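The values are calculated or read from the model by the stated rules, or taken from the named source; none is laboratory data. Note that this is a predicted model, so its numbers are computed, not measured. Neighbour counts run over all protein chains shown; Cβ positions are idealised from the backbone, glycine included. Please note that ligands, DNA and RNA were not included when accessible areas were found on the heavy atoms of the full protein model with its side chains. Shrake-Rupley method; radii C 1.70, N 1.55, O 1.52, S 1.80 Å.
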Amino acid sequence: MIECVETKAAPAAIGPYSQAVKANGMVFASGQIPIDPATGAIKGENAAEQAEQVFKNVNAVLAAAGTDITKVVKATVFLKSMDDFASVNEVYAKAFSESPVLPARSAVAVKTLPKDVMVEVEVIALQ
């Protein structure tokens with residue numbers, strides 16, 4: 001069985017996709033960008049500040065799915081520029097500081113992200 005996860009505590013999908021999907025004890029969360037769900041505005045002037053909002057959104061989606069960041073098994077970080085890798089990595093490390101095992105991860109630079117943001121993160125977690 002596949003179940004859609006939706007929450008107003010994270011930004012609404014800006015396209016034809018779910019915020020997350022639950023299936024077979026796993027949560028597949030769509031990429032989160034630094035949109036403040038209360039205002040709809042991009043939050044953060046630099047990549048690190050944007051990453052802070054991204055992880056707030058990731059946490060909100062995971063909570064709505066009945067899990068949390070400590071159960072993430074795979075993360076993918078999309079960066080507008082690899083020059084931001086170190087600063088985003090600091091935020092990432094803080095976000096996963098309570099995890100008993102750090103998730104597997106990929107970090108890639110891409111040409112453009114939705115709404116021209118600097119950071120997007122998607123995760124796969126256990127329920």
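For the stretch 79-90, a tally of residues being surrounded by fewer than 20 Cβ atoms within 10 Å (Cβ to Cβ) and within 14 Å of the chain's Cα centre (by Cα) returns 1. Summed over the stretch 31-52, residues that are open to solvent by less than 30 Å² (accessible area, probe 1.4 Å), within 13 Å of the chain's Cα centre (by Cα) and either among the small types (G, A, S) or more than 14 Å from D116 (Cα to Cα) (or both) total 2.
Given the structure, is A95 crowded, with 18+ Cβ neighbours inside 10 Å and in contact with a Ser or Thr (Cβ under 6 Å, 6 or more places away or on another chain)?
no
The residues listed here are V21, V54, V58, V77; of these, the one that is touching a Pro at 6+ places or on another chain (Cβ under 6 Å) and of a type in the set (V, I, T) is V54.
One residue is enough: does the stretch 36-51 have a residue meeting the conditions touching a Phe, Trp or Tyr at 6+ places or on another chain (Cβ under 8 Å) and modelled with pLDDT of 95 or more? So that I can check it myself, show each step before the final result.
Of all residues in the stretch 36-51, those touching a Phe, Trp or Tyr at 6+ places or on another chain (Cβ under 8 Å) come to 51.
Okay, now just the ones that are also modelled with pLDDT of 95 or more, so 51.
Looking through the stretch 36-51, at least one residue is touching a Phe, Trp or Tyr at 6+ places or on another chain (Cβ under 8 Å) and modelled with pLDDT of 95 or more.
Residue count for the stretch 53-69 satisfying the condition of being more than 10 Å from the chain's Cα centre (by Cα) and open to solvent by 50 Å² or more (accessible area, probe 1.4 Å): 3. Among residues of the stretch 102-117 being in contact with a helix residue (DSSP H, G or I) (Cβ under 9 Å, 6 or more places away or on another chain) and either open to solvent by 50 Å² or more (accessible area, probe 1.4 Å) or of a type in the set (D, E, K, R) (or both), the one that is farthest from V21 (Cα to Cα) is A109. Here the strands (runs of 3 or more DSSP E) wholly within the stretch 4-106 that include at least 1 residues being in contact with a strand residue (DSSP E or B) (Cβ under 6 Å, 6 or more places away or on another chain), basic (K, R) and in contact (Cβ under 8 Å) with a residue 24 or more places away in the chain are 20-23, 72-79.
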